[in-house]
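One structure below.
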Amino acid sequence: MTESLNPLLPEISIALVLEQLRRLCQENCQSHWYCLPGAPWEITDWQTYPLGQVNEKGYLIWEKGEKTQWFAQTFTVPKALADYPLDGLTLRLALTWWAKDAQIFVNGELVQAGDLFDSKARVLLTDNSQIGQTFTVALKLTSPGHDIGGLMQSQLIFEREYPDLDPGFIADEIEVLSLYLAQFESERLAQLSKTLEAITWNKISDQEQFDQSLLQLRQRLLPLTEGLKQQQINLLGHAHLDMAWLWPLEETWEVGERTFQSVINLQTEFADLVFGHTSPVLYQWIEEHRPALFEQIQVAIKKGNWELLGGMWVEPEVNIISGESLARQFLYGQRYFEAKFGQISKVAWLPDSFGFCGQLPQIFHQSGIDYFVTGKLHWNDTNSFPHGAFHWRSPDGTEIFTVMSPLT
């Protein structure tokens, strides 16, 4: 007699549960944007214009060259999503764009703005959803001069404010737990999958009763979280600044000054905030032109609230420069850090280089570097880079501990 097999692997059944939970309070609205030549309040029949057509990646795109594109749609709060009642929940619109300039209007009022680097928003539509409420949202997006523009993601999210929980929040918790188990305790994935079978899907239409069942589920999941709770995550603040890209160098100095001053101000308010930054050339400009700010940075470094990253004079494109240039980037960068702050950087930080030559571990090691962080290879559209944290070995045998972050 053959043993009966579960038709679904644990990973698949867990993924299906996550999808079902999120369907109760999240809705993709990417394919419902009207493409307009101007603001919807200036066009009486704007809903007769064509809907945008998403591409194979799910993006709405338009031509490059600082061209402005308007998108608009009206959202109406439904009674329920997949039978889950929405009355009283907070409603937000989550957006991601690739645009030189972004302006978000709700019912004709400008509520948020952004740009290429401030490219995500969670726009509050209401903190108390009522059936039939309507919100007309208009997006004014301007493409970069060098690249096509894109509205990459738009999603309605119904949620509760913490500490009250909603199905989407529970789904996020389960996903974190499942990812941890898959990596470190894969033998317990089946137990997680089995525990999730206790979700009372037949109670969805009774919001209070279903939510209570999810809270009970969280209690049953606690024994699976013991290893996860022993892990510690440290967050490091950072602001990626291209020294010269789509703007004059004078603007770089201004942005650097504002960024560094904002960090010092935030550290005054939040004493535990730790910030890290690269590029000694930027510190040198601050030293020469904003000496008071420079002294504050020196104090923050001594207190351990500011980390020196990179070690290179600027963040270069390492595919282009020579070996001698790489060596001198580190020579002058580390020399400056040591002279001004009494320490060198131990972390090579190159999030924006499009490739890395094989001799870099050797050069890193000889420059006093112990760790290397990047993430650019995860931008590949064809080949997937197979490693996350690993030891990278150069031809001479030198190894450097490397993190290929998926978040850059």
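The values are calculated or read from the model by the stated rules, or taken from the named source; none is laboratory data. Just so you know, these numbers come straight off a predicted model, no measurement behind them. Heads up, the Cβs are rebuilt from the backbone with ideal geometry, glycines too, and the neighbour counts pull from every protein chain shown.
In table form, for the structure just shown:
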| quantity | calculated |
| --- | --- |
| Residue list for the stretch 49-97, filter: among the aromatic types (Phe, Trp, Tyr) and within 30 Å of residue 161 (Cβ to Cβ) | 71, 75, 84, 97 |
| Filter result (closer than 25 Å to residue 274 by Cβ and either exposed (fewer than 11 other Cβ atoms within 10 Å of the Cβ) or of a type in the set (Asp, Glu) (or both)) within the stretch 244-259 | 254, 257 |
| Filter pass, residue 377 being at pLDDT below 95, part of a helix (DSSP H, G or I) and either farther than 30 Å from residue 120 by Cβ or not basic (Lys, Arg) (or both) | yes |
| Residue list for the stretch 320-376, filter: surrounded by 19 or more Cβ atoms within 10 Å (Cβ to Cβ), of a type in the set (Phe, Trp, Tyr) and under 22 Å from residue 404 (Cα atoms) | 330, 349, 364, 372 |
| The listed residue being more than 28 Å from the chain's Cα centre (by Cα) and in a loop (DSSP other than H, G, I, E, B), out of 358, 310 | 358 |
| Cβ pairs under 6 Å, 6+ apart, first in the stretch 67-95 and at negative phi, second assigned to a strand (DSSP E or B) and polar (S, T, N, Q) | 68/142; 74/134; 74/136; 76/134; 91/126; 94/155; 95/154 |
| Residue 108 being surrounded by 15 or more Cβ atoms within 10 Å (Cβ to Cβ), of a type in the set (Gly, Ala, Ser), closer than 27 Å to residue 42 by Cα and assigned by TED's automatic domain parsing to the domain that holds residue 71 | no |
| Any hit, the stretch 313-328, residues being outside any loop (DSSP other than H, G, I, E, B), touching a residue at least 12 places away in the same chain (Cβ under 8 Å) and touching a strand residue (DSSP E or B) at 6+ places or on another chain (Cβ under 9 Å) | no |
| Unique match (being buried (at least 20 other Cβ atoms within 10 Å of the Cβ), hydrophobic (A, V, I, L, M, F, W, C) and at pLDDT 95 or above) among 51, 21, 16 | 21 |
| Of the criteria (1) within 30 Å of residue 81 (Cβ to Cβ); (2) of a type outside the set (Phe, Trp, Tyr); (3) exposed (fewer than 12 other Cβ atoms within 10 Å of the Cβ), which one residue 271 fails | (1) |
